[in-house]
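Report on the structure given below.
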Amino acid sequence: MARALPRSAGPARRSALDAVEAFVERRLPLLFPAPAVVAMLAIVAAPVLYIAWLSLYDWSLTSARPMRFIGLDNYVELLARDGRFRNSVWVTGVFTVISVALQMMLGMGIALLLNRNFRGKTVARTAILLPMIATPAAMALVWRVMFNPQLGVLNELMRTVGHPGFLWVAHPSTALASLIATEVLRETPMTVIILLAGLQSLPLEPYEAARIDGASRWQSFRHITLPLLRSSIMVALIFRAIFTLKVFDVIYVITQGGPAGSTENFPIFAYLQAFSYWRMGYAAATAMLFFLLVLAVVLPMIAWRRKSWEY
C-alpha cells in the first residue's frame, strides 16, 4: 500500500505553488521577452564577440603557423597603412549616400503619384513591386548581361540613336555609377511601400483647411505632408541606409569589386580578405570596423527619430 502523505503536505504544496505563481506574475515583464533575448544572444552577440576576439590575432589559413595574438595591430594596419581599405570606405560612403538619396527622392515621388485616385491604380501599385520578386543575385545576373559592352541591351539601344555606348561596369569611371543605378532601381519599391503606407495614414482635415486658405500643392506638401510624414521618412531612411551599407551580392555578381577596386565596398573588401587571401584575423578586424560604422550611421538616426516622435 502507498504510504499516506501527512495532512500538512497538501497545504504546503499549495503554498509552494502559490509562491511560484506569484513569482511568475511579478517577473512577467522579464519572462516573456526572455526567449527572444536568449535567441538574440546566440545569433548576434556570440558571433560578434567571437569576431572581436578573432580580430586580435594574426591567423592565416595559408600558413602552418598557429594563431598569434597581436592585439590591435590589425586595426592599426587597416586604419593607417592599408590604402585599399580606405578606398573601400570611400566607395561605401559614395555608394550609400547617393543610392539612399536617390531612393528617397524617387520613392517619395512615386508614392505621391500612387496615393492619388486614377484608373489602374491597383495595377500600378502591383507593378511597382516587380523588382522585389526576384532574388538579388538573379537580378544582378540580368543587369550584368545588360551592361555587356558588346551584347548588352543598353548599348544596343544607344546604338539605335547613333551613340556608341559606354563600357558601364567595365571601366572605373562608370562602374560605380552603374551599380548605383542598379541599386536604386532594385530597392526603390521598398521605399515606395513605406512612404505610401505613411501617406495613406495621414488625416485629411489639414489638407482641407489648407485648400480653403488658398495654399498651393507645394505649400501643402512642404508644411503638412513632410512634417506629418517625418516618422515614415525616418523609418525608410534607416532601413535603406542599413541595407545599402551592407550590399554584397549585387556588387559581387556584377563586378566582384572591380575594375581596379572602383566598386570594392566594405563587405567586398572583408570577403576578399577572408576567402581570397585567407587572412582571417585581418578580415575579422575589417568586419568589426564595419559593424562600428553601421552603428555610427544608424544609432543617431534612431535617436533623432525617437526624439522627433516624442516631440
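Measuring between their Cα centroids, the stretch 89-141 and the stretch 150-198 lie 13 Å from each other. Each of 35, 142, 72 was scored by the projection of its Cα onto the charge dipole of the chain, and the greatest displacement toward the positive side belongs to 35; charges sit on the C-beta of Lys, Arg, Asp and Glu.
Subtracting the Cα-Cα distance of residue 205 and residue 260 from their residue separation scaled by 0.36 nm leaves 14.2 nm.
Note on the stretch 206-251: Rg/Rh from Cα positions, Kirkwood definition for Rh, rounded to two decimals, is 1.30. Put a dot 7 Å past the Cα of residue 130, heading toward its Cβ, do the same for residue 43, and the two dots end up 3.3 nm apart. Length available on full extension from residue 50 to residue 36: 0.36 nm per residue minus the Cα-Cα distance, which gives 3.0 nm.
The GNM of the chain, with springs linking C-alpha atoms under 10 angstrom apart, assigns the highest mean-square fluctuation among 267, 29, 47 to 29. A Gaussian network model of the chain, with springs between Cα atoms under 10 Å, assigns the largest mean-square fluctuation among 255, 126, 182 to 126. For the stretch 237-311, the orientation-averaged shadow of the C-alpha convex hull comes to 5.6 nm² (one quarter of the hull surface). Ranking 163, 54, 227 by Cα position along the charge dipole of the chain, where only Lys, Arg, Asp and Glu carry charges on their C-beta atoms, puts 227 farthest toward the positive end. Taking all C-alpha pairs of the chain, those more than 32 Å from each other amount to 50 percent.
Using a Gaussian network model of the chain in which every pair of alpha carbons under 10 angstrom is joined by a spring, one finds that among 76, 44, 153 the greatest mean-square fluctuation is at 44.
Each Lys or Arg adds one and each Asp or Glu subtracts one; over the other residues with Cβ under 12 Å from the Cβ of residue 150, this totals 0. Taking the average, over residues, of other Cβ atoms within 10 Å as the packing measure, peptides 293-301, 64-72, 233-241 rank 233-241, 293-301, 64-72 from highest down. Between residue 81 and residue 213, the simple label model (points 7 Å from Cα in the Cβ direction) yields a spacing of 6.4 nm.
Rounded to the nearest 20 debye, the dipole size of the stretch 68-310 about its Cα centre is 300 debye, using +1 on the Cβ of Lys and Arg and -1 on the Cβ of Asp and Glu.
FYI, it's all coordinate maths here, none of it is from the lab. This structure is a prediction, so every number in the text was calculated from the model and none was measured. Glycine gets a Cβ as well: all are built from the backbone with ideal geometry, and neighbour counts include every protein chain shown.
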